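Computed from the coordinates by the stated procedures, all read-outs in this text should not be read as laboratory data. Note that the structure is a prediction, hence the values are computed from the model and not measured. Cβ sites come from the backbone with ideal geometry, for glycine too, and all protein chains shown count toward neighbours.
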Amino acid sequence: MMKKLDILGSCVTRDALELTEESQYTLETYFARSSLISLYSPKVDIKREDIQLASDFQKEMVYYDLTKYFPRYIKETEADYLLIDFIDERMEVLERNGSYITRSNEFVHSNVNEQIQYEASVLNKEEINELWKKSALQLIGDLKGRFNPKQIILHKALWRYSYIDKNGEEQTFKEHYWIKRNNDKIDGYYKFFQENFPGIHVIDLNDQYHADESNKWGLSPFHYEEKYYKAFIEQLNKICQ
């Protein structure tokens, strides 16, 4: 029987589904380009047509982030499973009058900030971390009201330190400090989520695979080689069988 999926995460999870059979899964809704800090703060009063982006997908992602649609959606979804990853927590959050939004590239190019004028958050690293944990606990509370733990799949995706170049050779990213800094943060987020939501499924493929210069989105520490996505689908199939 075909399984219905929702995703709260990024391309590291979404792209893997392209390797599945059409009869296996249907993707109901995909929420990307959002920090949990944004999703659990006061919404922005904005119309979809005010977001000036040519791509309907990009426009929708910015609209979902600004209007905080996810907490409302998740209480009514008919999905069999929710897949979560925290790769998009790499993005900065902007603040205005106690409301936060995610500073994605799509948001920057949408001209929305000329209308609502959000600014860089003045919170320090520790304050951001505590605000994220507060939002994560709100998310977990919402999920427990709709799903049982076995319907939640946490994809512990991290940035890779190495990649396969277009000649098939293994190379090392020069931005070692930046990769470690981001991994330390999101790995802490994954651990917090697991500790506060026992019984969920976890897919952890770290230290086995590389990024890939030939990835369709270009070279990035979180644009993986195809073997990674195939291994992810094998794990997903075992969970959803």
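Magnitude of the charge dipole for the stretch 17-66, about its Cα centre and with charges confined to Cβ atoms of Lys, Arg (+1) and Asp, Glu (-1), is about 320 debye.
Show that you can apply the helix-only estimate: for the chain, add -39,500 (n - 2.57) for every DSSP H stretch of four or more residues, divide by all residues, and state [θ] at 222 nm to the nearest 500.
Numbers: 9 runs with 88 residues, N = 241.
After summing the helix terms and dividing by residue count, I get -10500 deg cm²/dmol.
Highest mean packing comes first when the peptides 150-161, 67-78 are listed by Cβ atoms within 10 Å, giving 150-161, 67-78. Normalising by residue count, the stretch 112-196 has a Cα convex hull of 198 Å³ per residue.
So, counting K/R as plus one and D/E as minus one, what does the shell of residues with Cβ under 12 Å around SER38 add up to? List each step's numbers first, then the result.
Values: positive: ARG33, LYS43, LYS68, ARG96, ARG103; negative: ASP65, ASP88, GLU89, GLU92, GLU95.
Once all neighbours under 12 Å are counted, the net charge is 0.
Applying the Karplus relation 6.51 cos²θ - 1.76 cosθ + 1.60 with θ = phi - 60° to the stretch 150-156 yields 3J(HN,Hα) values of 6, 8, 9, 10, 8, 9, 7 Hz, where x marks Gly and Pro. The slack in the chain from ARG48 to ASP165, taken as 0.36 nm per residue of separation less the alpha-carbon distance, amounts to 38.2 nm. Sorting HIS201, HIS176, HIS109 by the number of Cβ atoms found within 10 Å of their own Cβ, with the fewest placed first, yields HIS176, HIS109, HIS201. Here the stretch 7-75 and the stretch 96-171 have alpha carbon centers that stand 12 Å from each other. Note on LYS185: lysines with a C-alpha under 21 Å away, same-chain residues under 8 apart excluded, are LYS125, LYS133, LYS134, LYS156, LYS174. For ASN124 and HIS109, the difference between the fully extended length at 0.36 nm per residue and the C-alpha to C-alpha distance is 2.8 nm.
Kirkwood Rh, Cα Rg: Rg to Rh for the stretch 13-146? Intermediate values should be presented prior to the final figure.
Numbers: Rg = 15.3 Å, Rh = 15.8 Å.
Answer for the stretch 13-146: 0.97.
Most simply put, the chain has about 35% antiparallel DSSP beta bridges, counting only bridges with both residues inside it.
With all distinct Cα pairs included, what does the Kirkwood hydrodynamic radius of the stretch 44-98 come out to in Å, to one decimal, could you say? Before the final figure, lay out the partial values.
Working: mean 1/r = 0.0746 Å⁻¹.
About 13.4 Å for the stretch 44-98.
Compute log10 of I(q)/I(0) for the chain with the Debye formula, placing one identical point scatterer on every Cα and leaving out solvent, at q = 0.08, 0.10, 0.11, 0.16 Å⁻¹, to two decimals. Values, matching the q order: -0.30, -0.48, -0.58, -1.27. Expressed in Å, the radius of gyration and Dmax of the Cα atoms of the stretch 182-241 are 13.5, 37.
Under the simplified labelling scheme, the ASP184-GLU21 pair shows an inter-label distance of 4.6 nm, with each label point 7 Å from Cα along Cα→Cβ.
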